[in-house]
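Accompanying notes for the structure given below.
The values are calculated or read from the model by the stated rules, or taken from the named source; none is laboratory data. The model shown is predicted, which means the values in this text are computed figures rather than measured ones. Glycine gets a Cβ as well: all are built from the backbone with ideal geometry, and neighbour counts include every protein chain shown. Ligands, DNA and RNA are stripped out before the accessible areas are found, and what is left, the full protein with its side chains, is counted by its heavy atoms. Shrake-Rupley method; radii C 1.70, N 1.55, O 1.52, S 1.80 Å.
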Amino acid sequence: MPWSLKEIRDAIPPRLFVRDTVRGLMYLARDLLLAAAAWSLATYIDPLFKQAQIVELLTPVGAEIARWAAWCS
């Protein structure tokens, strides 16, 4: 690595090294909220693709592929 740790730290503005508890807690709250939303939405994947209307529309294989695609995204 051509740079030393001191050169890297000197290149970063000093204001980014100041600890801010309130901002950190806001980021934690945001991350927990997004994780809860993702988990909540994920609970709907399997029931959605097992509905008769979806299976009839996409065919059983298509519904299974769509379910796998939803879990992968």
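Split the accessible area of the chain by element, probe 1.4 Å, and carbon with sulfur accounts for 69%.
Expressed as a whole percent, how much of the Cα-Cα distance distribution for the range 22-73 exceeds 19 Å?
44 percent
Split the chain at each of the trypsin sites (Lys or Arg not before Pro) in a DSSP loop with at most 16 other beta carbon atoms within 10 Å, and the longest piece is 20-49.
Note on Phe17 and Trp39: the extension gain reaches 4.6 nm, defined as 0.36 nm multiplied by sequence separation minus the Cα-Cα distance.
Computed over protein heavy atoms with a 1.4 Å probe, the accessible surface of the chain works out to 92 Å² per residue. Are there chymotrypsin sites (Phe, Trp or Tyr not before Pro) in the range 1-59 that DSSP marks as loop and that have at most 16 other Cβ atoms within 10 Å, and which are they? Here the sparse-neighbourhood loop sites are Trp3, Tyr44.
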